[in-house]
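Accompanying notes for the structure given below.
The values are calculated or read from the model by the stated rules, or taken from the named source; none is laboratory data. This structure is a prediction, so every number in the text was calculated from the model and none was measured. No Cβ is skipped: glycine too gets one built from the backbone with ideal geometry, and neighbour counts run over all protein chains shown. Keep in mind that these areas ignore ligands, DNA and RNA; they rest on the heavy atoms of the full protein, side chains included. Shrake-Rupley method; radii C 1.70, N 1.55, O 1.52, S 1.80 Å.
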Amino acid sequence: AQTVTQSQPEMSVQEAETVTLSCTYDTSESDYYLFWYKQPPSRQMILVIRQEAYKQQNATENRFSVNFQKAAKSFSLKISDSQLGDAAMYFCAYRSSRRGGSQGNLIFGKGTKLSVKP
Amino acid sequence: NAGVTQTPKFQVLKTGQSMTLQCAQDMNHEYMSWYRQDPGMGLRLIHYSVGAGITDQGEVPNGYNVSRSTTEDFPLRLLSAAPSQTSVYFCASSRPGQGAINTEAFFGQGTRLTVV
C-alpha cells in the first residue's frame, strides 16, 4: 500500500522569504500523480500544484514550485516570496494513475501547518 | 457552477443519534469519496464509489454507511453517532481517466461534526 509522509508538523517563514515543505512517499508503482493542497482556516481544500510522475520537469505555479525526486520518492514544495495569505495547512497527496477500484482515491500525508510572520 | 456541495457545514449530535451528510456534484463525475480529517492525521478515506450503484470501503469505514443511487449524489450515513466520529468530513469527486489535470479531485466545503 502507498503511504505519504510529511515530517514537519509545523513550519514558520518570514514574509517575503522562501520556505520548503517536505514530503516523501512510498509506492511500487511507476506512474502516479502527486499533489500539494492548501487548507486555509476556511477549511476549503485548494489544489496548489500537481506533478505527473512520468514528467521529469518539476511543476511550477507562480510562486509555488516542487522538487520532484522520483528515485528518492521525494516531493517537496517551495513557496517563494511568502505572503500572509500563504498561512495554512498544507497536505501532500498521492494518487495512482491506474483506473478502477480504489486507485482513483487520494492518499494524504498528515499535513504541515505553515505560519507566515509579518 | 456549483461543483461539489456538502450539507450541513456544522452539526452537533448526541451519542447514539443518526444523521446523513449530503454530498452532491454537478460535474457528472464517476468517482466520489468521503474523507474524514482529524488533527495530526491528515485526511483518511471512509468510503468511495466508482459509479452509480457501486461503493466500497476505504481505510476507516466502521460506523458509516453509503449508497450511490445516482451519479450526482453520495450521502454518508452515521447510524449511531459516537464521540470518536467527531471530525471534519469532506466529500470529493473526480472523473476517471489519465492525466493529473483531467482527473483532478474537487472537494466540498467540509462538514464539522461534533458528537457529544
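Inside segment B:41-70, residues that are within 14 Å of chain A (Cβ to nearest Cβ) and either of a type outside the set (V, I, T) or assigned to a strand (DSSP E or B) (or both) make up a count of 20.
Hey, does segment B:109-116 have a residue that's more than 10 Å from chain A (Cβ to nearest Cβ), touching a Cys at 6+ places or on another chain (Cβ under 9 Å) and surrounded by 19 or more Cβ atoms within 10 Å (Cβ to Cβ)? If you could, list the steps in order and put the result at the bottom.
Within segment B:109-116, the subset more than 10 Å from chain A (Cβ to nearest Cβ) is B:113-116.
In the following step, the residues that additionally are touching a Cys at 6+ places or on another chain (Cβ under 9 Å) were identified as none.
No - not one qualifying residue is present in segment B:109-116.
B:E59 satisfies every condition listed in (1) within 25 Å of B:V115 (Cα to Cα); (2) modelled with pLDDT of 95 or more except (2).
Taking (1) within 20 Å of B:E104 (Cβ to Cβ); (2) without any contact (Cβ under 8 Å) to a residue 12 or more places away in the chain in turn, A:Q69 satisfies each apart from (1).
Looking at B:D73, B:D38, just one residue is surrounded by 14 or more Cβ atoms within 10 Å (Cβ to Cβ), free of Cβ contacts under 8 Å to residues at least 60 places away in the same chain, among the charged types (D, E, K, R) and within 14 Å of chain A (Cβ to nearest Cβ), and that residue is B:D38. For segment A:97-110, the condition holds for no residue, the condition being that it is away from chain B (no Cβ under 14 Å) and either of a type outside the set (S, T, Y) or assigned to a loop (DSSP other than H, G, I, E, B) (or both). The single condition from (1) within 11 Å of the chain's Cα centre (by Cα); (2) open to solvent by 10 Å² or more (accessible area, probe 1.4 Å) that B:P8 fails is (1).
Which residue, of A:E61, A:E52, A:E15, A:E29, is at pLDDT 95 or above and of a type outside the set (S, T, N, Q)? Show your work before the answer.
Values: A:E61 fails: at pLDDT 95 or above; A:E52 fails: at pLDDT 95 or above; A:E29 fails: at pLDDT 95 or above.
The conditions single out A:E15.
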